[in-house]
Amino acid sequence: SDEALKQLIQNAKTELGNDLFIPGHHYQKDDVIAFADARGDSLELARKSAETPAKHIVFCGVHFMAETADILTDDDQNVYLPDMRAGCSMADMANIDQTEIAWDRLTDMLGDTILPMTYVNSTAAIKAFVGKHGGATTTSSNCESMMTWALTQKERIMFLPDQHLGRNTAYNLGIPLEQMAVWDPILETLIFEGDLDDIKVILWKGHCSVHENFTVHNVESVRAEHPDMTIIVHPECKREVVALSDDAGSTRHIIQTIENAPAGSAWAIGTEMNLVKRLIDENPDKHIISLNPHMCPCLTMNRIDLPHLAWCLDSLRQGEPINPITVDETTSEQATMALERMLKR
Ligand code: CIZ
Ligand code: SF4
C-alpha cells in the first residue's frame with residue numbers, strides 16, 4: 001500500500017541521514033515531491049547537487065538531470081535514478097551521431113563561424129560536444145543571457161535540441177525570424193530561404209512533447225471563456241502560442257509570478273500538469289487553470305513514483321544500490337566545460 005511505501009521511504013531516509021540527498025524536480029508527482037530534500041527546476045537542482053556533500057544522490061527527475069548531477073559531483077558521490085525509463089523525449093531528439101553529421105555539414109557551408117549551445121535538456125554526450133567546441137549549456141531561466149554571450153563569441157549559433165526555446169529566446173533578443181534556420185536531423189537538411197550569410201541562429205528540429213500540446217486554439221478558447229485571465233506559458237511552447245500569451249518564462253519565473261500575484265487574480269498556465277496542479281493547490285486565493293483543459297503530464301517524469309523511490313532507497317540501505325548513473329570521464333570533463341561556462345555566469 002502507499003502507506004507502507006511511505007513508511008519504507010521515511011525509514012530509509014532516517015537511516016541514511018546526511019549521506020542521502022533527494023533532489024525533486026517541480027514536475028514530479030506530489031507524493032514523490034513530499035520526500036524531496038530540495039525542490040527546483042533543472043538549474044537549481046544542478047547547483048544544489050554540485051554543492052551537497054551527500055554520498056548518495058537519488059534524483060527524482062529525468063535521466064539528463066541525473067547525468068548532470070553526476071558530472072557536477074565528486075568521484076566518491078553516486079547518483080541514482082529510481083526508474084531508468086525516466087527519460088526525456090526532447091533530449092532523445094538529438095543524438096551525438098546526428099550532431100556530428102550536422103556540424104560537419106554546417107561548418108562546410110558556413111566555415112568556422114558557428115558556436116554550438118545546448119539546452120540542459122540534452123544527453124551528456126551532447127553537452128560534451130558543445131563543451132569541446134567552446135560552447136555552453138543553457139536553461140530556460142538564463143537563456144537570453146547565454147545566447148547574448150554566445151553571439152559575442154561567433155557570428156552565429158547552433159542551438160540544440162529545442163527549436164522553440166531557441167526561437168523564442170532569439171526573437172526576444174531582437175533577431176528576426178528570417179535570420180533563423182532549422183536543421184532537420186532526420187532529413188539531414190538545413191531549412192532556410194535566403195542568403196546563408198544572413199543566418200544568426202540554427203535551430204535543431206526538436207521539441208518537448210508536453211509543451212507542444214498547448215495550442216493557439218487553447219489560447220483562443222481561454223480568451224473567449226475567461227477574458228479576465230492572464231495567460232502565462234513556458235518558452236518550450238511554440239512561437240505562435242508564446243506570441244499570443246501575456247507572458248512566457250521558465251519554471252521558476254512561472255512559480256514566482258503566481259506566488260507574487262494578488263489574491264483574486266486569474267491565470268491560465270501552459271506548462272506540465274503536476275506543477276500546474278500544485279500551483280492550484282498552493283494558491284487557493286487565486287483562480288488558476290491549465291491552458292490546455294486536458295492537462296499535460298510529462299509521462300517520463302511520472303515514471304518516478306512511490307514504488308520506484310522505495311525500491312531505490314531500500315537498495316541503498318541494503319548496500320546493493322540499483323540504477324547508478326555514471327558518465328564516463330572524458331564525456332564528463334568536456335561536459336563540465338559547457339556547464340561551467342553557464343554556472344560561472
Ligand atoms: O521541461 C523541462 O524539462 C524543464 C522546464 C526543465 C527545467 O526545470 O528547466
Ligand atoms: Fe523532457 Fe518535456 Fe518532460 Fe521536460 S517536460 S522532461 S522537456 S519531455
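Read-outs: derived from the displayed coordinates by stated rules, not from any lab. From a predicted model like this one, the values you see are computed outputs, not experimental measurements. Note: ideal-geometry Cβ built from the backbone for every residue, glycine included; neighbour counts use all protein chains shown.
Full-extension gain between GLU259 and ILE101, please, as 0.36 nm times their residue separation minus the C-alpha to C-alpha distance.
52.4 nm is the gain from fully extending GLU259 to ILE101.
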Expressed as a whole-number percentage, the relative contact order of region 211-290 with C-alpha contacts under 8 angstrom and at least six residues apart is 29 percent
Could you go through region 287-300 in sequence order and give the Karplus-derived ³J(HN,Hα) for each residue, using 6.51 cos²θ - 1.76 cosθ + 1.60 with θ = phi - 60°, rounded to whole Hz, and x for Gly and Pro? 9, 10, 10, 7, 4, 9, x, 7, 6, 10, x, 8, 4, 6
Rounded to whole Hz, the Karplus (6.51, -1.76, 1.60) HN-Hα couplings of region 174-182, x for glycine and proline: x, 7, x, 4, 5, 9, 10, 9, 10
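Going by the alpha-carbon gyration tensor, a ≥ b ≥ c the square roots of its eigenvalues, is the chain rounded (a/c under 1.5) or, if a/c is not under 1.5, prolate (a/b greater than b/c) versus oblate?
Oblate is the answer for the chain, as a/c is 1.5 or above yet b/c matches or exceeds a/b.
Using Cα-Cα distances under 8 Å and only pairs 6 or more residues apart, what relative contact order does region 255-331 have, in percent?
Working: 56 pairs, mean separation 18.7, N = 77.
In percent, rounded to a whole number, it is 24.
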Sequence-distant residues sharing a close amide H with ILE157 (under 5 Å, placed H): LEU115, VAL201, ILE202
Mind checking which lysines have their Cα closer than 20 Å to the Cα of LYS277? Skip sequence neighbours fewer than 8 apart in that chain. LYS29, LYS286
What lysines sit close enough to LYS55 to cross-link, taking a C-alpha to C-alpha distance under 20 Å and skipping anything fewer than 8 places away on the same chain? LYS13
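Does region 178-261 classify as rounded, prolate or oblate by the C-alpha gyration tensor (a ≥ b ≥ c root eigenvalues; a/c under 1.5 gives rounded; else a/b over b/c gives prolate, otherwise oblate)?
On the way: a/c = 2.41, a/b = 2.14, b/c = 1.13.
In terms of gyration-tensor shape, prolate.
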Of GLY135, MET158, THR189, farthest towards positive along the dipole that unit charges on Lys, Arg, Asp, Glu beta carbons give region 91-204: GLY135
Name the long-range amide H neighbours of THR138: under 5 Å, sequence gap of 5 or more, or other chain; modelled H, no Pro or chain starts. THR118, TYR119, VAL120
Quick one: if you stick a label point 7 Å off each Cα along the C-beta vector at SER1 and GLU329, how many nm between them? 5.1 nm
Do you know the relative contact order of the chain, to the nearest whole percent, from alpha carbon pairs under 8 angstrom that are 6+ apart? 23 percent
Using +1 on the beta carbon of Lys and Arg, -1 on that of Asp and Glu, and nothing else charged, what's the dipole of the chain about the Cα centre, debye to 20? 460 debye
If amide H atoms are built 1.01 Å from N in the plane of the peptide, which residues on other chains or at least 5 residues away come under 5 Å of the amide H of ALA248? VAL233
Short version: ³J(HN,Hα) in whole Hz for each residue of region 240-255, in order, from phi by Karplus 6.51 cos²θ - 1.76 cosθ + 1.60 (θ = phi - 60°), x for Gly and Pro, what are they? 5, 6, 4, 4, 8, 7, 7, 7, 9, x, 4, 3, 5, 4, 4, 4
Using 27 Å as the Cα-Cα cut-off, could you pick out the over-long pairs in LYS48/LYS238; LYS154/LYS205; LYS238/LYS344? LYS48/LYS238; LYS238/LYS344
